[in-house]
Amino acid sequence: MGKTIHRGDYRAPSHLVETIRLEFDLDADETLVKSTLEVRPNPESADPSAPLFLNGEDVKLVSVALDGRELHEGEYTLDAHGLTIPGVTAPASVEIRSTFSPKANTALSGIYASGANLMSQCEAQGFRRITFFPDRPDVLSRYTTVIRGSTETYPVMLSNGNLTTERMLDDGRREVTYVDPFPKPCYLFALVAGRLVSRASKFDLKDGRTVDLSVWVDPQDLDKTEHTLESLKRAIRWDEERWGLELDLKDFKIVATNDFNFGAMENKGLNIFNARCALANPAVATDADYERIEGVVGHEYFHNWTGDRVTLRDWFQLTLKEGLTVFRDQEFTADMLGEPSARAVKRIRDVEYLRAAQFVEDAGPMSHPIRPESYQNINNFYTVTVYEKGAEVIRMLQTLLGREVFRKGFDRYIAVNDGHAVTCEAFLKAMEEASGRDLSQFANWYAQSGTPRVTVRTSWDAAAGRLTLTAEQTTPATPGQPVKRPFLIPFPVAFLSAAGEELPVRLAGEADDPLPGTRMFELTEERTTFVFEGLAEKPVLSLNRGFAAPVILDAGLNDEETAFLAANDPDPFNRWNAMNRLLIDAVHAQTRAKLLRQPEEVSPLVIGAAAQILKNPTLSPAFKAVALAMPGEKLVAEEDPLIDPHAVHAGWVAVRQALGEKNLSAFLETAAEMVVEGPYEPTPEKAGRRALRNLALGYAHAAGSPRAAIMIKDQFHEATNLTDRLAALQMMANSQTPAKQDMEVEALKAWYNEPLLINKWLTIQATSPSFPGEPPVLERVKELTRCPFFSMKNPNNVYALLCAFFQQNPSEFHLADGSGYAFWAEMVLELNRINPQVAARAARALDQWRRYTPALSRRMHEALLSVEAKKSELSPNVAEIIEKALANPL
Ligand code: B3K
Ligand code: ZN
């Protein structure tokens, strides 16, 4: 059993570090660090006699001195976790010399080599791999960073804050000094060195100051930085306009690297990005990449206030910065998209992701509240729950309080907590003070895990024109939480007439009809009954519009009513949701038919609903593309009592084919109509047209249309942008056409030198199906792990090939003989030795093992046990995932 840390065990730090001066002598093999800490006992500590403890892992101690006197062994203790110095009961100066090896750091936490460059990553606990320090977010210090390095290898040396001095040393090296004016926790420290070039620009802030912005990359990537820099400008402007928050530094830098464990990092004034979340030009980035990059650039920038200036007391509070900042980046993207229909598409995509990833996580062994109660390894808790569900919780607050009051609360949160390390209560308190509302029931969203289910049943009294609606909320038991208290759930209700018009929603007893449209109610009990009156006809219910609450809603609608909403609901989210429901149910029906070997037609209701959306001139192409997209196989399977990935795949293929066949001419016409002329621009309008064209081609191709096959081939060769090129390649790879191999080889040759493209190519290989006569995808994936453009040390390669295969290709991964799982175990163990954070991510692919049909489930269990058997070799990261997967449920 790994060591579990509990939220309730928090203790204030025994010592504070007012200032830290770091001096680095850079060397990829062995970097020397001299660190001088001005330390004082914390008056708020419960234990004034506690020794000074400085975390340190994989760092070699050279010497330690207290107030100028070198300590000898016996005056301190050193173990694998850090350095303990007793007797620091008054302010003191601690001077430590230590070394670490960037080259040997394959975990990519701390300071590591990325090609010839050095990069840092300290969140959550990487600073302890650089030097000895109280590595916890509630110790805030002012940093001075001195970096010395060869002008040849490290012509550029960056750290947080302002460059104050720069000089040549006698030995030919250069020395730079940065001073960061803002106290910060060490997880926000950053250092970058190497042969980098930059795209830079001045930018005028609203308050009249001019700041310097720059994006730093390897020279060959300079032509991919324009979108990054422009996104940063938009983010700065938006934070000023929407939230009244200014950039507080003279200088703001972004760095991109190909070796990075996740998306990006908000280090104060020096954000470091995974190249795939930063670099774009029409040849290497799709429309979705352009949008995502803008969102991530925004996200990291927005952390400057929500995360950096107001930071966390302890890691349990992670959602305080992440949920809030995801909410902010979602709003940023929506505002950049501008018009309502494009905003709705953004909301739909966010919800799709929440359902596909977070709902699944919350129904499995890693289920946890957005503020977890315990963890073994904090890096395992940078989850879709903390991030995406966390953002939904913030969004609900805005919905419940209204935008204006929410903004007042937000302003208060920032003003009161600036410069402090706080807990989630600080946010709720600011909202309570701004609104005058008691949010104690709302706080259940922070404490309880599991996705609530809201079941709605109605009875209609035609004579009285009365509709009685009962909403019941239940939340399933989750690990450690057998029983749940009711949540406060925003509950928007709208009624539609048979003509599809919104009707007034009037409660019994109310004198006048309110205006037609949505009315916001709140569910606070397990069961709530509403009585509505004044209805001339039985309305169709449009509930939880805009996905106001992250719940699973059973509105009790029949198929006809769902199809009616798909055709008529003026709320775009619910319209999409209805079409999506029809498609999911159609796959369920086909899956059942396959299992029972009783062929069944795909319901004409679904085919008709799809045709209606496709032909509707009032709907935007982008909306049509999301509404008609096939729901993912995993999402569909999640609703089955026992998951049979092969049956679901067969059902899925049948639905796609039937939709394509039955609407073939409409799809072909749409594909022709949606051609985008002119130079490439990733605007929402053009991106929407491309998305719809590719969707239409995909359906037509699935229906076996030779014309579609020609159009796809031409598109692959003639495309002026990656969106179209990649879509064409993907469509070919997903089909049985013999021509696909030539195309794959051609793409590989053209993309060989560009890691961003190689990763996309690898994902296509990992996620495509295999057809009779072809080797199983497993064999292809294994082979690709041995090719020269794949490295187990590069997280993007691992995510693109291995994680994509494990997570996004269910029918090929879940092979009946368990060979997919054996390969998974082998890869997890290998990654575990290289990079525990990446290994732990890959390890999660078997989380849902109990949900599968018995034969598969047994084999998955065996694979988990085979990893567990290597317990003594497992990193704490992987150990926690395996242990939780195997633990008795609940
Ligand atoms: N705060 C970082 C994530 C750090 C992950 C550490 N395992 C990026 C972000 O959320 O903006
Ligand atoms: Zn974040």
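Against the definition (over 30 Å from Arg349 (Cβ atoms) and not aromatic (Phe, Trp, Tyr)), how does Arg403 come out, yes or no? No, not satisfied. Across region 157-176, the qualifying residues are those that are buried (at least 19 other Cβ atoms within 10 Å of the Cβ) and in contact with a Leu (Cβ under 7 Å, 6 or more places away or on another chain), and the one among them that is farthest from Asp212 (Cα to Cα) is Val176. Among the residues making up region 227-261, those that are touching a helix residue (DSSP H, G or I) at 6+ places or on another chain (Cβ under 8 Å) and in a loop (DSSP other than H, G, I, E, B) are Gly244, Leu245, Glu246, Leu247, Asn258, Asp259, Phe260, Asn261.
Looking at (1) free of Cβ contacts under 8 Å to residues at least 40 places away in the same chain; (2) within 16 Å of ligand 2 (Cβ to nearest atom); (3) closer than 22 Å to Leu397 by Cβ, which is the one condition that is false for Ala334? Among (1) free of Cβ contacts under 8 Å to residues at least 40 places away in the same chain; (2) within 16 Å of ligand 2 (Cβ to nearest atom); (3) closer than 22 Å to Leu397 by Cβ, Ala334 violates only (2). Does Arg690 satisfy being at negative phi, charged (D, E, K, R), within 25 Å of the chain's Cα centre (by Cα) and in a helix (DSSP H, G or I)? Against the criterion (at negative phi, charged (D, E, K, R), within 25 Å of the chain's Cα centre (by Cα) and in a helix (DSSP H, G or I)), Arg690 qualifies. The single condition among (1) more than 15 Å from Arg234 (Cβ to Cβ); (2) within 15 Å of ligand 2 (Cβ to nearest atom) that Ala278 does not meet is (1).
Filter region 843-890 down to residues that are of a type in the set (Gly, Ala, Ser), assigned to a helix (DSSP H, G or I) and surrounded by fewer than 20 Cβ atoms within 10 Å (Cβ to Cβ), then give me how many there are. The number of residues fulfilling the criteria is 4.
Consider region 368-409 and keep the residues that are hydroxyl-bearing (Ser, Thr, Tyr) and over 16 Å from the mean Cα position of the chain (by Cα). The one that is nearest to Ala443 (Cα to Cα) is Thr399.
So for region 316-334 (the condition being buried (at least 22 other Cβ atoms within 10 Å of the Cβ) and touching a Pro at 6+ places or on another chain (Cβ under 7 Å)), does at least one residue qualify? Yes, some residue in region 316-334 is buried (at least 22 other Cβ atoms within 10 Å of the Cβ) and touching a Pro at 6+ places or on another chain (Cβ under 7 Å).
The numbered conditions (1) among the hydrophobic types (A, V, I, L, M, F, W, C); (2) assigned to a strand (DSSP E or B); (3) more than 36 Å from the chain's Cα centre (by Cα) are all true for Phe24 except (3). Residues in region 286-314 that are more than 13 Å from ligand 2 (Cβ to nearest atom) and either touching a helix residue (DSSP H, G or I) at 6+ places or on another chain (Cβ under 7 Å) or assigned to a helix (DSSP H, G or I) (or both): Thr286, Asp287, Ala288, Asp289, Tyr290, Glu291, Arg292, Ile293, Glu294, Val310.
Annotation: of all residues in region 469-521 being assigned to a strand (DSSP E or B) and under 13 Å from Leu535 (Cα atoms), the one that is most open to solvent (accessible area, probe 1.4 Å) is Glu502. Meeting the requirement of 3 or more residues that are within 16 Å of ligand 1 (Cβ to nearest atom), the helices (runs of 4 or more DSSP H) wholly within region 333-403 are 390-401.
Where helices (runs of 4 or more DSSP H) fall wholly inside region 534-640, the ranges with 2 or more residues that are surrounded by fewer than 18 Cβ atoms within 10 Å (Cβ to Cβ) are 559-568, 572-596, 604-615.
The values are calculated or read from the model by the stated rules, or taken from the named source; none is laboratory data. Note that the structure is predicted; figures quoted are calculated from it, not measured. In this analysis, Cβ positions are derived from the backbone assuming ideal geometry, glycine residues included, and neighbour counts consider all displayed protein chains. The protein model used for the area step is the full one, side chains on, heavy atoms only, and it has no ligands, DNA or RNA in it. Shrake-Rupley method; radii C 1.70, N 1.55, O 1.52, S 1.80 Å.
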